[in-house]
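The values are calculated or read from the model by the stated rules, or taken from the named source; none is laboratory data. As the structure is a computational prediction, the values presented were derived from the model and not from experiment. Note that each Cβ is placed from the backbone with ideal geometry, even for glycine, and that neighbours are counted across all protein chains shown.
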Amino acid sequence: MSTFKAPKGTYDLIPPDSAAYLAVREAIAAPLRRAGYGYAETPGFENVELFSRGVGESTDIVTKEMYTLTTKGGDELALRPEGTASVLRAALEANLHKAGNLPVKLWYSGSYYRYERPQAGRYRHFSQVGAEAIGAEDPALDAELVILAVDAYRSLGLRNFRLLLNSLGDKECRPVYRAALQDFLRGLDLDEDTRRRIDINPLRVLDDKRESVQKQLAGAPMMRDHLCEACRTYHEQVRELLTAAGVSFEDDPKLVRGLDYYTRTTFEFVHDGLGSQSAVGGGGRYDGLSEMIGGPSLPSVGWALGVDRTVLALRAEGVELDLPAVTQVYAVPLGEEARRTLFGLVTELRRAGVATDFAYGGKGLKNAMKSANRSGARLALVAGERDLAEGVVQLKDLDSGEQRAVPAAEAVTAVRSALG
Ligand code: HAM
């Protein structure tokens, strides 16, 4: 062990566990690719103002959880705590919205950073795969994104997740609701901190986990009773499209997300096997974000799914992912000449698409066969001087122990047919 450890709240992805993370990322991306989303990659850091304006000055993410730094050149930067503001910034900067094909559909995958109190499922460095559909207001687009997330979870074999759905209204009806909620909250018996929250971000009070607060919220006005006609119709259409696609959801009038940019459709995927950090993914519509960061009006919708928590959820359900074999064939040379011949075969097999490894470091037969077994390979190719003199290599089935000689020139064909 070295003197150093991974920083608090972080962990390393290393084999064999890392394979599941890769598989989860790929499984989330696959439905997006099939639905016309193009891949986007943005820097790991941005100007701090992008997030303070975009995610919101009153959110925990901006006030408490951002890793900020001042560069030697005096720039104020932040490690990205989320992807939406960055991806929208990138789309605007590249003028993708002017290319005439709206919505601009993008997906992304990467590391995000939040200075949170670490606990099971909550890390300071974590990984998301996300999708954003920029520049269109259409209930079918909201439904599309939700369906794609559900399909991704299902393709992984995840079952015990639930979809919570809400509408947060728009710039017409939300301010009216906000004022009504503030009035109600001011009449309650709340601590100093929570009272302050009533002024800056009253909707977040609905999300307070404490029972003493929840009890008092019983008669609180709910957004769904204050939606304007346009928002109500929009939400109804989203719900109908989801139902028609066989996606079940729970209406959660108290669902408030931890980012300020949301309007109308908001949703969260929760998994009941995860304890308190139960949100495996979330998202919604953010019709005002583009203008908040200095762009034109571009109604948009998106989500991000947490890769770490999805892996934890799969583990909680005992789902075994169907991962590709790391090594299918393991080559064991006995002697210098066999090294050259088998190394050549290894390269050929790999080029033919067979996952192949080689006993490096001049191991003896016994040690090399141990490594072959540990590698998980189904077949071993073994060759010594006598085999080479006869122009053959030994093909050994590592499960049954059966072994037969095959002409060296036909080894690749023989391996491929033995693998089936
Ligand atoms: P979010 O709900 O903040 O949304 O994060 C999405 C997911 O990332 C969460 O559901 C969770 O699975 C994972 N996640 C968040 N924080 C942590 C953490 N500290 N440790 C482990 N996993 C975590 C967003 O980030 C929005 N940008 C989603 C979005 C996209 N909305 C519209 N477009």
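At a glance:
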{"item": "Residue match in the stretch 327-342 (condition: under 32 Å from the mean Cα position of the chain (by Cα) and modelled with pLDDT under 95)", "result": "no"}
{"item": "Filter pass, THR59 being near the ligand (Cβ under 9 Å from one of its atoms), surrounded by 17 or more Cβ atoms within 10 Å (Cβ to Cβ) and either hydroxyl-bearing (Ser, Thr, Tyr) or farther than 21 Å from GLY282 by Cβ (or both)", "result": "no"}
{"item": "Filtered residue count, the stretch 114-156, keeping only those that are within 25 Å of LEU242 (Cα to Cα) and outside any helix (DSSP H, G or I)", "result": "11"}
{"item": "Residue ranges of helices (runs of 4 or more DSSP H) in the stretch 344-420 with at least 2 members polar (S, T, N, Q)", "result": "365-374, 411-419"}
{"item": "GLN237 vs. criteria touching a helix residue (DSSP H, G or I) at 6+ places or on another chain (Cβ under 8 Å) and more than 13 Å from the ligand (Cβ to nearest atom)", "result": "yes"}
{"item": "Flag for ASP308 being part of a helix (DSSP H, G or I) and either under 19 Å from SER417 (Cα atoms) or modelled with pLDDT of 95 or more (or both)", "result": "yes"}
{"item": "Test: ARG80 is at pLDDT 95 or above and within 20 Å of LEU156 (Cβ to Cβ)", "result": "no"}
{"item": "Exclusive hit being away from the ligand (no atom under 16 Å from the Cβ) and either in contact with a helix residue (DSSP H, G or I) (Cβ under 7 Å, 6 or more places away or on another chain) or assigned to a loop (DSSP other than H, G, I, E, B) (or both), set GLY258, GLY273, GLY246", "result": "GLY246"}
{"item": "Residue in the stretch 14-23 that is crowded, with 17+ Cβ neighbours inside 10 Å, assigned by TED's automatic domain parsing to the domain that holds LEU312 and not small (Gly, Ala, Ser) present", "result": "no"}
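One line per residue, one yes/no per condition, for (1) farther than 20 Å from TYR153 by Cβ; (2) at pLDDT 95 or above; (3) away from the ligand (no atom under 12 Å from the Cβ):
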site: ALA35; (1), (2), (3): no, yes, yes
site: THR68; (1), (2), (3): yes, yes, yes
site: LYS98; (1), (2), (3): yes, yes, yes
site: TRP107; (1), (2), (3): no, yes, no
site: VAL129; (1), (2), (3): no, yes, no
